[in-house]
Amino acid sequence: MHTKWTEQELKIIEVKAEIYTIKQIAQVLRLNLSTVTRWVKRGWLKATRRSAKHYQIRRWHLKQFLEHPPQSIKKRITSLDPEAINYLLGRRA
């Protein structure tokens, strides 16, 4: 089980308003970089390739993926920290 991010920790992680990297998503959701990369390569999480190893993920595509994940990883997605998800999706209190 992952521990929750504190507000201070979330402020330390720099995120762009509408576009994220795989690394940023993995950091905030406390996932392995290879997990998020796998989601992109399988086509589950839509991303734009910037170079051979770098992708950009729009907030809208991340939102669609998190709200409607593939059945095979649905439990994994629902176990993620809701505060971290809200942070990524711009739903800050």
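When the Karplus curve 6.51 cos²θ - 1.76 cosθ + 1.60 is applied with θ = phi - 60°, which whole-Hz ³J(HN,Hα) does each residue of region 74-81 get, with x for Gly and Pro?
Working through the residues one at a time gives 4, 5, 4, 5, 5, 8, 6, 5 Hz.
List the residues whose amide H sits under 5 Å from the amide H of residue 55, counting only those 5 or more places along or on another chain, with H placed 1.01 Å from N in the peptide plane.
It is 22, 50, by chain and number.
Starting from the amide H of residue 47, placed 1.01 Å from N in the peptide plane, find each other amide H under 5 Å away whose residue is 5 or more places distant or on another chain.
Sorted by chain and number, the residues that satisfy this come to none at all.
Of 44, 60, 39, which has the most accessible area with a 1.4 Å probe, and how do the rest follow in descending order?
So the residues, ranked largest to smallest area, are 60, 44, 39.
The values are calculated or read from the model by the stated rules, or taken from the named source; none is laboratory data. As the structure is a computational prediction, the values presented were derived from the model and not from experiment. Only protein heavy atoms, including side chains, enter the accessible area calculation; ligands, DNA and RNA are left aside. Shrake-Rupley method; radii C 1.70, N 1.55, O 1.52, S 1.80 Å.
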